[in-house]
Amino acid sequence: MGDWMTITDTGLSSESKNISQYTSETKMSPSSLYSQQVLCSSIPLSKNVHSFFSAFCTEENIEQSISYLDQELTTFGFPSLYEESKGKETKKELNIVAVLNCMNELLVLQRKNLLAQENVETQNLKLGSDMDHLQNCYAKLKEQLETSRREMIGLQERDRQLQCKNRNLHQLLKNEKDEVQKLQNIIASRATQYNHDMKRKEREYNKLKERLHQLVMNKKDKKIAMEVLNYVGRADGKRGSWRTGKSEARNEDEMYKILLNDYEYRQKQILMENAELKKVLQQMKKEMISLLSPQNQKPRERADDSTGTVISDFEEDAGELNRESMWDLSCETVREQLTNSIRKQWRILKSHVEKLDNQVSKVHLEGFNDEDVISRQDHEQETEKLELEIQQCKEMIKTQQQLLQQQLATACDDDTTSLLRDCYLLEEKERLKEEWSLFKEQKKNFEKERRSFTEAAIRLGMERKAFEEERASWLKQQFLNMTTFDHQNSENGRLFSAFSGNSDQDNPTVHSRPRQKKPHTMSNGSPVCTSKLAKSLPASPSTSDFCQPRSCVSEHSSVNVLNIAPEETKLNQVGRESANQKWSMASRPGSQEGCYSGCSWTYTSSHVEKDDLP
Amino acid sequence: MNFSEVFKLSSQLCKFSPDGKYLASCVQYRLVVRDVDTLQILQLYTCLDQIQHVEWSADSRFILCAMYKRGLVQVWSLEQPEWHCKIDEGSAGLVASCWSPDGRHVLNTTEFHLRITVWSLCTKSVSYIKYPKACQQGISFSRDGRYLALAERRDCKDYVSIFVCSDWQLLRHFDADTQDLAGIEWAPNGCVLAAWDTCLEYKILLYSLDGRLLSAYCAYEWSLGIKSVAWSPSSQFLAVGSYDGKVRVLNHVTWKVITEFGHPATISDPKIVVYKEAEKSLQRALGRPACPPPRAAESKYEIASVPVSLQTVKPAADRANPRVGVGALAFSSDNYFLATRNDNVPNAVWIWDIQKLRLFAVLEQLSPVRAFQWDPQQPRLAICTGGSKVYVWSPAGCVSVQVPGEGDFQVLSLCWHLNGDSLALLSKDHFCLCFLETEAGVHTAFRPPDHCT
């Protein structure tokens, strides 16, 4: 049996080799798989049969081989190779069909197995690589784990050390505290000791002093004396008075009088200070009302409801309070009313300012978005350059005209020369014409450029508008700061002046501070810009914007303001209508000045208006 | 600035009369009274010994000369040169002498502070006040001359007595809640009396004229306390300088601290102008190094750029009266400024803006500041450092002026004339007057334009 096994083994291996060979073939042409199979199987089989079965099956042992195969196949569940015999005695016949079927089936099975094997192999490979990867990962993770573990240990160690340190420090702190306590105790005990000693010493010293006093004073020291030529009169011219109960009472009276006077003085100062503060408060309130009402007229249209109504309430309120002029009364209700109203208005103002802030930030964002806006300086420079060029061109034209005229004049004088020169003249004319056309083109270009600049100017105007808005918000903020600051300031000033005795002199300065500051800040911000703007484009809508605050103010201001207002509005209208026209107007210095002076005048008028405010 | 000629002087005794007309100066045992305008000698009095103290009476009619060594006080009349008065304290001794505000009484403190004797020039009456306390500032007359506050010590306790000066009647007597009262001072309005404790304890007490305790203030404990105290002329502020190098300003309404002025050694705020005295580089001296400059080098002020670190002195911790803390402070006459000196930054004078309650300017001198005094008329501070220069600060700028004359005139002390036009400069044994021009004819180190307001 052992031999058998070996034989089969080799046979199987060779078979498998063969099969692998032909499977490779089949792989090459999978379409004609079956037919080829059959063919191939038949051909190599026939070729190889001999060699194949040389070991296993020989001429002699065909029967045994067949029976063996039959047995083997039946055990694997294939149909028997033999035909069904009728009787047991009869010899079994080999069924070729069955053999072939079996073979085919075996081959199919083999193929399947091979495929499966291939699959399994690839899978195996895959799995192997996966395995490798996982192993790698595992190793890495393990490493990581190790390092983190180590780290953890290190951190724990550090933590422990720090805790240790902390504990030590705590201990030290405690020790120090104890030490401090001890030292303080020592100091205290020393102090008491010192005081005690001092007292003892002082007592001794006092005793000594007393003794000395007795010794020195009671000896009737003749030396202790005053030599005076003659007694002088008292400074007040009165005679000395005896000390009596009466004089004592008088002294008391006087003392209390002095104290009372002082308190009265102080009360007066405080009252004055209070009045001043109230005035400031009132003014602030008024200003707030005036500041809030014109702006909130518009929001009210937006049906922004609550604030508007509140304001109107307060306007009424303010009117009432003013009419009654009950500021001098320090009555509780009035005070409450005033503070409440101020507080509310303050809240409104705050919200308003916040709104403005938001607006400004929005505008800012927008402003930063369009970057193609030309900066004002560039614009100015450009216009200046253009103007210069225009001037030069004009001069050139003039000189050329002069030359022409001269030549014409000379031409009239002398016919012959003219004839001679005719050709030259013609030539020159041609050249001039050329130049003229060139010139015209240049002019056209200039025009174009000018137009682009006016466009830019309009854009600038827009920018300017945004800037105005920003400025307004800034001013508002400034004003807010100022009011708070001034409020404090005046408080300080009052406090200072109230008791320094020259309050009357101080009053106006304190008052004038907010007034002075306002125009100052305005002039800080705007005139510079406006002057620049006036130079470049006085027609831009910015001027009208600029006039706006003044026109607001003019609602309750003097006739002068009204006088100038229409002129300026007209100017502005014109400016809006045609930028080009405005441009030419602006180039004249006179108009610039006019505009500028107008602006400055508006300042002064507003200033005056401010002064009128109580 | 013009300077008068130099006159002789001893013990730095030179005083303007309260009415501003006369100038009294002492040379050994002679008292010289000059006219302020002409500096002509009007009177010359001869005392019995070297004069140690001189004082004008409030009405400028009498001058008191004290000779403590002999226990003697001599009073001279300006109007009647032949009139004389001599007060002898005999064996009781004399340690202090002063006028009463009416100019008709002399208050003499005997040795060991046994008592104060009140001698009257009008009557024969003599009053005694017992138990005066020996302290830094134990006597204080109110500005209007009505009241005298006196620190007393009885049975190891501090008391304050308030006397009516017109008849020396005791008006109030109350115990001060202090360990060891160091000084008392009336507010200029005469209604509040400030009393402060010894330097061992920070404590300042404020008493009303009628003896009520208005307030007590203590900034800290366990450390050296108050070193100097000054009322603002408006009585509105009380500045308290202490050993911690700070000035605390109390207000007169709540008597609470309204601000604390520290004296940092480095100034980094660019708003503060730091004037630094610098020696002028003498090119002539450099050119000819062989001959030394005849006088001390001239100096000028430079505006130092912040941050500036000032020279500090490390005080000896183991000695009494350490050179540390705010040792001198003075309000300007218009209440707007406060000048201080921190003793461990001895070369610097701090000038504080009282309106804004912040540091305004710092002057750093080349040598330690000896004395400073405000112009009685305007915010102008005169400073001397013991050198031959006098320094004047005003909000507009700062100027350093060399005192002319032969030899070195070391200005140890100075005092303003009443109208602020002139300044007496005192050296060890000379004095001269310095006349300040009202017009700005002097070089001032003006502030940089960005500081101009």
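Read-outs throughout are calculated quantities, based only on the coordinates presented, and are distinct from any laboratory measurement. What you see is a predicted model, and the numbers here were worked out from it, not measured in a lab. Here Cβ is always computed from backbone atoms with ideal geometry, including for glycine, and neighbour counts include all displayed protein chains.
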**Prompt:** Fewest first, what order do B:115, A:450 take by the number of other Cβ atoms within 10 Å?
**Reply:** A:450, B:115
**Prompt:** Measuring from a point 7 Å past the Cα of residue A:250 along Cα-to-C-beta, which residues in the range B:118-138 have an amide N at less than 20 Å?
**Reply:** B:120-127
**Prompt:** Under the definition of partner shielding as Cβ atoms of other protein chains within 10 Å of a residue Cβ, what is the mean value for peptide B:330-341?
**Reply:** 1
**Prompt:** Hey, if you drop one equal point scatterer on each alpha-carbon of the range B:1-86 and run the Debye formula without solvent, what base-10 log of I(q)/I(0) do you get at q = 0.13, 0.15, 0.18, 0.23 Å⁻¹?
**Reply:** -0.37, -0.49, -0.71, -1.14
**Prompt:** Hey, how many Å between the Cα centroid of the range B:235-263 and the Cα centroid of the range B:329-356?
**Reply:** 12 Å
**Message:** Expected output is a single nm value to one decimal: the length gained when fully extending between residue A:279 and residue A:439, i.e. 0.36 nm times separation in residues minus the C-alpha distance. What is it?
**Reply:** 50.6 nm
**Request:** Would you kindly calculate the mean projected area, averaged across all directions, of the convex hull enclosing the Cα atoms of the range B:6-141, in square nanometres?
**Result:** 8.3 nm²
**Fill in**
Pairs over 22 Å Cα to Cα, from A:246/A:268; A:257/B:203; A:350/B:256; B:246/B:271; A:207/B:133; A:177/B:246, come to A:246/A:268; A:257/B:203; A:350/B:256; A:177/B:246
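Taking R0 as 25 Å, what's the FRET efficiency between residue B:155 and residue A:192 from their Cβ-Cβ distance, rounded to 0.05?
E between residue B:155 and residue A:192, to the nearest 0.05, is 0.85.
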**Request:** For a quick protection proxy, order the peptides A:178-185, B:39-46 by their average other-Cβ count within 10 Å, most packed first.
**Result:** B:39-46, A:178-185
**Fill in**
Per-residue average of other protein chain Cβ atoms inside 10 Å, peptide B:83-96 -> 4
**Computed label-point distance, nm, for sites residue B:220 and residue A:56 using a 7 Å Cα→Cβ extension** = 11.3 nm
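Take the alpha-carbon positions of the range B:322-430, form their convex hull, and give its projected area averaged over all directions (one quarter of the hull surface) in nm².
Projected over every direction and averaged, the Cα hull of the range B:322-430 covers 7.1 nm².
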**Request:** Just the number, please: percent antiparallel of the DSSP beta bridges in chain B, rounded to the nearest 5.
**Result:** 95 percent
**Item:** Of A:278/A:344; B:8/B:280; B:21/B:389; A:182/B:157, those spanning more than 21 Å from alpha-carbon to alpha-carbon
**Value:** B:8/B:280; B:21/B:389; A:182/B:157
**Request:** Pop a pseudo-label 7 angstrom from the Cα along the beta-carbon direction at both residue B:177 and residue A:449 and give the gap in nm to one decimal.
**Result:** 8.7 nm
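Provide the gained length on full extension for the span residue A:115 to residue A:179, in nm with one decimal, where the gain is 0.36 nm per separating residue minus the Cα-Cα distance.
That pair, residue A:115 and residue A:179, stretches by 13.9 nm at full extension.
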